[in-house]
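I have placed the structure first, in the form of structure tokens, so that the comments after it can refer back to it.
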Amino acid sequence: MIDPHVHLRDWNQAAKETLRHGLGVAYRAGLDGVFEMPNTDPPLTSRDAILRRIDAADVAAKSLGIRIFHGLYAGLTNVPRQIEEAVRAWKELFPRVVGLKLFAGQSTGNMGVGDVDMQALVYRTLAALGYTGVLAVHCEKGALMKTEAWDPAQPASHARARPPAAEVASVDDQMRLAAAASFRGILHVCHISTPWAVDLVRNTHGAALPGLRVTCGLTPHHALLDAALMEEEDGILLKVNPPLRPKPLPALMLRRLRGGAIDWIETDHAPHTRRDKTDGFASGIPGLPFYPRFVRMLREAGMEEETLVVLTHGAICRQFGVEIARSGRSPEEGLAREYEFDPFTRAAAP
Ligand SMILES: [Zn+2]
């Protein structure tokens, strides 16, 4: 199994998670590889920061005495010279720099590129540089968010503040902009959370946007948890971006996963301290410990072994162009206790 979407924090956010702890949990969960997102503090937007990160990950794995593939995404800003540096880092350091990440929205840190004209510039720059790798994009359109709907006293309002339309419109934007720029990489829609966005992604394989390659990944939380859980005690702990969706959307996402419309599973493992969640309303939940259980649930619900291998390993290796050996190690139990809370205590079997 590979998890192509994790946030391992460390550095100035070591209270939330560290490379050593996160890689250790991933290994004990039975994973053969993780791909790390670049919105660390400081972020992975320069060659220098990327090299320091690779070193730090190697030191962490060595200190644990484990072998696990660690790849990372170079983060993109709207500055052409920085985009060029990121693409050069990918060319030089692939597969450790496994792809690029664009936050298409008012997201985390200094990496959000919310303006559509700026997003167009990113695609044009990548096309001009001949980038052919994976571009992972967080798709939520700021202009369609209803920030005034967010009320921390009612955590479930988070789902209304970041409605499905914001995701669908952003996926539509990214696909059009990529096609218009003759982008030759693979556009990957991260943590897709609405069936309409999945249907949009799959329609490109027709005649609408010829030549454009698009993939999407589903998190266990968008498949098994719904927005109403945020009305219960400690609901604030379930705040994630994109938000948990109301019923019946999670079930529809599972149906699309079963039907082959989703390319792979990714956890978006994003730990915070409990205090950052309850006082700071931070978005993100620890997902790594639940990954093997999610796979087991899908197996018990009748998913073929062959399909599971594709969704957790094969499709990821093929699209990124990496070779990672499949060890088939058994996961340890009780890994959720490694974090201050377990968001999946109320996850019902599919
Ligand atoms: Zn993420």
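Summary table below
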{"read-out": "The stretch 1-66 versus the stretch 268-303: alpha-carbon centroid distance in Å", "value": "17"}
{"read-out": "Förster radius 35 Å - calculated FRET efficiency between Ala161 and Phe94, Cβ distance, rounded to 0.05", "value": "0.40"}
{"read-out": "Within the chain, longest stretch free of exposed GluC sites (Glu not before Pro) [DSSP loop, at most 14 other beta carbons within 10 Å]", "value": "1-231"}
{"read-out": "Segments 54-63, 38-47 sorted - mean Cβ within 10 Å per residue, highest first", "value": "38-47, 54-63"}
{"read-out": "Residues with amide H under 5 Å from that of Thr215, placed H, sequence gap 5 or more", "value": "Leu187, His188, Val189"}
{"read-out": "Segment Thr147-Asp41, length gained on full extension (0.36 nm per residue, minus Cα span)", "value": "35.7 nm"}
{"read-out": "The stretch 21-175: C-alpha gyration tensor shape, a/c 1.5 cut-off, then a/b vs b/c", "value": "oblate"}
{"read-out": "The chain - Rg (one decimal) and Dmax (whole number), Cα, Å", "value": "18.6, 51"}
{"read-out": "Contact order normalised by residue count of the chain, Cα under 8 Å, 6+ apart, percent", "value": "18"}
{"read-out": "Where Cα atoms sit under 23 Å apart: lysine pairs in the chain separated by 8 or more or lying on different chains", "value": "14"}
{"read-out": "Per residue, in Å², the accessible surface of the stretch 108-177 once ligands and nucleic acids are set aside, probe 1.4 Å", "value": "40"}
{"read-out": "Pair-distance profile P(r), taking every C-alpha pair of the stretch 133-207, with 10 angstrom steps and integer %", "value": "19, 46, 25, 10, 1"}
{"read-out": "Size of electric dipole in the stretch 1-141: Cβ of Lys, Arg +1 and of Asp, Glu -1, about Cα centre, debye, nearest 20", "value": "240"}
{"read-out": "Cα centre as origin, Lys/Arg/Asp/Glu Cβ charges: the stretch 203-312 dipole, Debye", "value": "180"}
{"read-out": "Sum of -39500 (n - 2.57) over DSSP H runs of 4+, divided by residues of the chain (222 nm, nearest 500)", "value": "-10500 deg cm²/dmol"}
{"read-out": "Accessible area of the chain belonging to carbon and sulfur atoms, whole % at 1.4 Å probe", "value": "50"}
{"read-out": "Which of Thr194, Thr307 is most accessible, then next, and so on - probe 1.4 Å", "value": "Thr307, Thr194"}
{"read-out": "Point-charge dipole on Cβ atoms (K/R +1, D/E -1) for the chain, about Cα centre, debye to 20", "value": "600"}
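The values are calculated or read from the model by the stated rules, or taken from the named source; none is laboratory data. The structure displayed is predicted, hence computed values, not measured ones. FYI the Cβ positions are ideal-geometry reconstructions off the backbone, even for glycines, and counts take in every protein chain you see. Just so you know, the surface numbers come from the protein's heavy atoms only, side chains and all, with ligands and any DNA or RNA stripped out. Shrake-Rupley method; radii C 1.70, N 1.55, O 1.52, S 1.80 Å.
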